[in-house]
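The values are calculated or read from the model by the stated rules, or taken from the named source; none is laboratory data. Computed from a prediction, not measured in an experiment: that's the story for all the values here. For the accessible areas, the whole protein counts, side chains as well, though only heavy atoms, and no ligand, DNA or RNA atoms are used. Shrake-Rupley method; radii C 1.70, N 1.55, O 1.52, S 1.80 Å.
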Amino acid sequence: MGVDLKEDPTFYDRADGHIHLANEHCSNVGRGKVSASLMYGCARFQAWNAATWANDVAEMKAKRGETLKYFVQQYQAMLEENLDDYIDNFENYMRPKGAA
């Protein structure tokens, strides 16, 4: 299920594409609404993704807990990594030098 970033050189390019689209939506709608839509879209896509791994509904039901655990752990790890990055680089990211 997992992604090995060493084996996927375009991982960050795809992530940046999603972020760029979310930023475009922020010009018309508040960040909170964009965030909620992005999380819902991710959850919907992952439910479909999990369904593609199953041979039938019984298998999908049987793996429901394992699937939830996997995606929650992955999301938590990614969120922790990015929160720490913003904490470590807050001034650079939120108040870059030369910005008005």
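With protein chains left intact and a 1.4 Å probe, residues in the chain average 88 Å² of accessible area per residue. Start at zero, step by 10 Å, and the Cα-Cα distances of segment 52-99 spread as 23, 27, 20, 16, 12, 3 percent across the bins. Share of pairwise Cα-Cα distances greater than 20 Å in the chain is 56 percent (whole percent).
If you sort SER27, SER35 by accessible surface, 1.4 Å probe, largest first, the order is SER27, SER35.
Roughly to the nearest percent, how much of the accessible area of the chain is carbon and sulfur, given a 1.4 Å probe?
Details: 5060 of 8770 Å².
Within the chain, the accessible surface is 58 percent carbon and sulfur.
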